[in-house]
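The values are calculated or read from the model by the stated rules, or taken from the named source; none is laboratory data. Source: prediction; values computed, not measured. For neighbour counting, all protein chains shown are included, and Cβ atoms are generated from backbone atoms with ideal geometry for every residue, glycine included. Surface areas here come from the heavy atoms of the whole protein model, side chains and all, with no ligands, DNA or RNA. Shrake-Rupley method; radii C 1.70, N 1.55, O 1.52, S 1.80 Å.
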Amino acid sequence: MPKAAAGKTAATKHKFVIDYSKPAADGVFDGADFEKFLHDRIKVDGKAGQLGESVKVTRDGNTKITVTSNIPFSKRYLKYLTKKFLKKNSLRDWIRVVASAKDNYQLRFYNIAGAGEEDEEE
């Protein structure tokens, strides 16, 4: 049985990446604020802001945030927190959160180029 227990602890390690390079390039999105928001809001054992050694939030340059967890952690929870941050900063109307891979999220602008052309024709 010890082999199964050792394998199970290694299997619970999760690594998620949130890529915010497009909004950051336009100067709309602040990665340092987002990192602090995640650090303060992620709950571990029902307590927000007390990540300890089980969850790590790191910023890679000015384009990505990596969340590494040793405990069961939901990718959907990261999306929820990201959307909450966007709403708090009034960016939710222009930026959306899209899953670009199994363990990656990407922040993209909504494609609103076609909406302006329809108004001009009328």
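General observations
- Flag if SER100 is of a type in the set (Ser, Thr, Tyr), outside any loop (DSSP other than H, G, I, E, B) and modelled with pLDDT under 95: yes
- Test: ARG59 is touching a strand residue (DSSP E or B) at 6+ places or on another chain (Cβ under 7 Å) and not hydroxyl-bearing (Ser, Thr, Tyr): yes
- Subset of the stretch 78-97 (residues that are open to solvent by 70 Å² or more (accessible area, probe 1.4 Å) and in a helix (DSSP H, G or I)): TYR80, LYS84, LYS87, LYS88
- Residues (in contact with a helix residue (DSSP H, G or I) (Cβ under 8 Å, 6 or more places away or on another chain), open to solvent by less than 30 Å² (accessible area, probe 1.4 Å) and part of a helix (DSSP H, G or I)) located in the stretch 21-73: ALA24, GLY31, PHE34, PHE37, LEU38
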